[in-house]
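The values are calculated or read from the model by the stated rules, or taken from the named source; none is laboratory data. Everything numeric in this text was worked out from a predicted model, so none of it was measured. Backbone-built Cβ (ideal geometry, glycine too); neighbour counts: all protein chains shown. Ligands, DNA and RNA are stripped out before the accessible areas are found, and what is left, the full protein with its side chains, is counted by its heavy atoms. Shrake-Rupley method; radii C 1.70, N 1.55, O 1.52, S 1.80 Å.
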Amino acid sequence: MSDPVSPDSLLQTSIGHHQAGRIAEALKGYLSYLNTRPGVPDVLYLAGTAGFQLGNFDLARSYLEQAVELNPGHAAALNNLSIVLREQNQFQKSVEYARRALAIDPVDANAHNNLGLSLKLLGDLGGASEALREAVRLRPELPEAHLNLANTFRLMGQPQEAEKHARLAVQYAPGQSDALLTLGNLLFDEKRFEAAAMQFGEIVDADPGNGTAWFNLGCAQDETGQSRNKVLSWLKAICFTPGHDSVYQGLSMPLTYLSQDIEVQEQIRECARNVSQHPLAAARFALMLGEGDGIEQARSVLNKAKENHGRVPALRLCDALLALLSGQTIDAGELGIPPEICNGEEVGFYSHGAAILMAFDQYQAADNILAALGAYQNLPAPLVFEINVNRAILAWIEGDLVACEKALMEAENMAAGSGGSMFNLHEQIYLKYIRELVTAVNGPGKEKPAASDVRLRVLGDSHCLAMKGIETSGAAEERAGISVHLRMGIKAWHLACPQENRFKRSLRTFAAGLSPDQKCLLMIGEIDCRPGTGLMGDPGMSENDFLVKLRATVNGFTAFVASVLGEKITNAHFVSVPPPSREYLQKAGHDEKVLARLALMIRVYNQELEKFTVANGAGFIDVYSANTGIDGVAGADIHLDGVHLKPEIYAPVVAPLLSIP
């Protein structure tokens, strides 16, 4: 029989394991010690710290909470508990415990750094920068604080300060990939895309498993016209970092064009093998494939994940969404409403699922998911902002002005509190647009019950939202109204694409729901006709090649619509692309050459669209001719926000469609 080891000897051995990086052995020893001597705050602190280092946040939190309960003055335990709470998205509590630690030890630079990071995630950028500046004042050589300060200054729109602290982070921790990533991000922000690509390329050369660097490299390659390389880089990002949320949403369409590319297909197979071990990543990856022309591949990925993990909620939602993308009807009970415990990554997936439901007119199901997500109290501020904006859009579509106003105000308060810099620009644009629509269409003195008779169904990008509220006059039971079918991001290019994709499928769903005599309005093409989009082409492209590409896209789009609508085409009306706002484009930094190309593009696009409607017996709603100056840009103040038209511009040309024949 071996001699028993004394608790003190066991503790010293465990500390030795911990210092040598043998964390699992250290934790085992701490727990054995606590079995014989429970309630020792320092050992509870060590056990909690080891649990955190092993990724067991629940265990870490439990032991650290015991430590601070027994010794409320244990500053190190308070600080580490703050870090654990942040990992669990408990940002407000994380801030509280960091401040408690600093009240005991106000010169702890690590605690100031920790406080700053939690405040940043709460959206308090001013408070974050103050805490982080104090951290680097106390310890100028602390690289983590410099890095966090650099990222905070970047969000605050102070690139010079951001670069200064990113370079200090590299100076104090040479080769630190996170700081190098921040430097690359700053180059990207400055639109120095080739330099950014070089920076990210150097990172992946040194660290081939860095999924974030692969993703950022793909973004820079996208901006420099390297479409195929972008796809390969983003697929590598998925392989190495399956939980990287942003990468999935930008790949579905590019992959459709590379279905015969051997290297790309091999990379897809490698991704499929990797994500099958992670249910959330498998759901994301399968959905990404399904949104393009890879429904069968998506089913294969999903089925493998279900074999490994069963029908967990994320996989249930993915299953239902793939059925929807395949043209099947779905049961709301199969959507897999988010589980009670949901981290930020899961919220991103469910939020994207709600966006797909919106694209197939499943508005109530989408709002149910967003409402469930919004009930969580500890989500990162950008996700809360996104949820509120999407709920405002849904409420506007459904005509629920009370719910719309509530969601708008919550999002607006968040934007005001942070200056808006930490939130997605796309969502900020939608927020301002919906606010303008509410003011323009349903302002004081304009409130009235929704029309009971829907005579016109409108499908399109964000411009179609302006149609909501345009109705004939009279009592509610006598008025004719408009039903809006929003397809975020839809382009003529998507429908002209020879490969299958979710935009084509959603148009088929819309067409199938039209009765034989139902009038419909299609508002597609405005996003195609913006600077920086596909139809603008390479700035060096000849005018002839540019026009060939433009006409081919319009003809492909209209041919697809005609094939889907069939005999219903005579009840369809196509809305012209409106003229652009000169002031808005000039503020965006576009020169006269870009303006001239844009004006030519919109004019020819509308000409081709009108030719099609005449040839096929469809209607053409012209909001272009009467509102365009001789230079091809808007001749008057017709825009709400520089991009979207005021509802009053549409009203007179749409009103005849609401009248009873």
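In this structure, Phe188 does not satisfy being under 27 Å from Leu302 (Cα atoms) and at pLDDT 90 or above. In this structure, does Tyr45 turn out to be within 30 Å of Val347 (Cβ to Cβ), assigned to a helix (DSSP H, G or I), of a type in the set (Ser, Thr, Tyr) and open to solvent by 40 Å² or more (accessible area, probe 1.4 Å)? The answer is no for Tyr45. Residues of the stretch 123-143 that are closer than 23 Å to Leu379 by Cα and buried (at least 19 other Cβ atoms within 10 Å of the Cβ): Gly123, Asp124, Leu125, Ala128, Ser129, Ala131, Leu132. Looking at Glu346, is it of a type in the set (D, E, K, R), modelled with pLDDT under 85 and either surrounded by 17 or more Cβ atoms within 10 Å (Cβ to Cβ) or touching a Ser or Thr at 6+ places or on another chain (Cβ under 6 Å) (or both)? Considered against the rule, which asks whether it is of a type in the set (D, E, K, R), modelled with pLDDT under 85 and either surrounded by 17 or more Cβ atoms within 10 Å (Cβ to Cβ) or touching a Ser or Thr at 6+ places or on another chain (Cβ under 6 Å) (or both), Glu346 comes out as yes.
If you check Glu526 against the conditions, is it open to solvent by 10 Å² or more (accessible area, probe 1.4 Å), under 18 Å from Ser462 (Cα atoms) and in contact with a Pro (Cβ under 8 Å, 6 or more places away or on another chain)? Considered against the rule, which asks whether it is open to solvent by 10 Å² or more (accessible area, probe 1.4 Å), under 18 Å from Ser462 (Cα atoms) and in contact with a Pro (Cβ under 8 Å, 6 or more places away or on another chain), Glu526 comes out as yes. The condition of being touching a residue at least 24 places away in the same chain (Cβ under 8 Å), charged (D, E, K, R) and either within 30 Å of Val84 (Cα to Cα) or in contact with an Asp or Glu (Cβ under 6 Å, 6 or more places away or on another chain) (or both) does not hold for Lys304. Whether any residue in the stretch 636-644 is more than 32 Å from the chain's Cα centre (by Cα), of a type in the set (Gly, Ala, Ser) and either surrounded by fewer than 14 Cβ atoms within 10 Å (Cβ to Cβ) or within 30 Å of Ser515 (Cα to Cα) (or both) is what I want to check. Yes - at least one qualifying residue is present in the stretch 636-644. The one condition from (1) among the basic types (Lys, Arg); (2) farther than 24 Å from Pro279 by Cβ; (3) crowded, with 19+ Cβ neighbours inside 10 Å that Lys236 does not meet is (2).
Among the residues of the stretch 540-567, those that are farther than 17 Å from Cys529 by Cβ and among the small types (Gly, Ala, Ser) comprise Gly540, Ser542, Ala559, Ala562, Ser563, Gly566. Taking each residue of the stretch 116-132 that is more than 19 Å from Pro143 (Cβ to Cβ) and among the hydroxyl-bearing types (Ser, Thr, Tyr) and looking for partners that are assigned to a helix (DSSP H, G or I) and open to solvent by 10 Å² or more (accessible area, probe 1.4 Å) with beta-carbon atoms closer than 8 Å, six or more apart or interchain, yields nothing.
Per-residue answers, yes or no, for (1) under 23 Å from Gly127 (Cβ atoms); (2) in contact with a strand residue (DSSP E or B) (Cβ under 7 Å, 6 or more places away or on another chain); (3) open to solvent by 70 Å² or more (accessible area, probe 1.4 Å); (4) modelled with pLDDT of 95 or more:
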{"position": "Tyr63", "(1), (2), (3), (4)": "no, no, no, no"}
{"position": "Ala67", "(1), (2), (3), (4)": "no, no, no, no"}
{"position": "Arg86", "(1), (2), (3), (4)": "yes, no, no, no"}
{"position": "Gln90", "(1), (2), (3), (4)": "yes, no, no, no"}
{"position": "Lys93", "(1), (2), (3), (4)": "yes, no, yes, no"}
{"position": "Ala98", "(1), (2), (3), (4)": "yes, no, no, yes"}
{"position": "Leu102", "(1), (2), (3), (4)": "yes, no, no, yes"}
{"position": "Val107", "(1), (2), (3), (4)": "yes, no, yes, yes"}
{"position": "His112", "(1), (2), (3), (4)": "yes, no, no, yes"}
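Of the helices (runs of 4 or more DSSP H) lying entirely inside the stretch 183-244, those containing at least 2 residues that are among the β-branched types (Val, Ile, Thr) are 193-206, 227-240. When residues in the stretch 188-210 are screened for being surrounded by 22 or more Cβ atoms within 10 Å (Cβ to Cβ) and either within 23 Å of the chain's Cα centre (by Cα) or on the phi > 0 side of the Ramachandran plot (or both), 4 of them pass. Pairs meeting the criteria (first residue in the stretch 618-646 and at positive phi and in contact (Cβ under 8 Å) with a residue 60 or more places away in the chain, second residue charged (D, E, K, R) and open to solvent by 30 Å² or more (accessible area, probe 1.4 Å), beta carbons under 8 Å, at least 6 apart or on different chains) are Gly642/Glu583; Gly642/Lys587. Does at least one position in the stretch 364-375 carry a residue that is modelled with pLDDT of 90 or more, under 15 Å from the mean Cα position of the chain (by Cα) and in a helix (DSSP H, G or I)? The answer is yes, given that some residue of the stretch 364-375 is modelled with pLDDT of 90 or more, under 15 Å from the mean Cα position of the chain (by Cα) and in a helix (DSSP H, G or I). In summary, Gln267 fulfils each of the numbered conditions (1) buried (at least 19 other Cβ atoms within 10 Å of the Cβ); (2) within 21 Å of the chain's Cα centre (by Cα) with the single exception of condition (2). Selection within the stretch 405-457: residues that are outside any helix (DSSP H, G or I) and within 25 Å of the chain's Cα centre (by Cα). The member of this set that is modelled with the lowest pLDDT is Gly420. For the criterion of being surrounded by fewer than 22 Cβ atoms within 10 Å (Cβ to Cβ) and at positive phi, Gly513 fails. With respect to being in a loop (DSSP other than H, G, I, E, B), touching a residue at least 12 places away in the same chain (Cβ under 8 Å) and farther than 17 Å from Asn80 by Cα, Gly39 fits the description.
When the stretch 11-27 is filtered for residues that are under 40 Å from the mean Cα position of the chain (by Cα), part of a helix (DSSP H, G or I) and surrounded by fewer than 19 Cβ atoms within 10 Å (Cβ to Cβ), the ones remaining, listed by number, are Ile23, Ala24.
When Leu132 is tested against (1) closer than 23 Å to Ile203 by Cα; (2) modelled with pLDDT of 95 or more; (3) aliphatic (A, V, I, L, M), exactly one condition is not met: (1).
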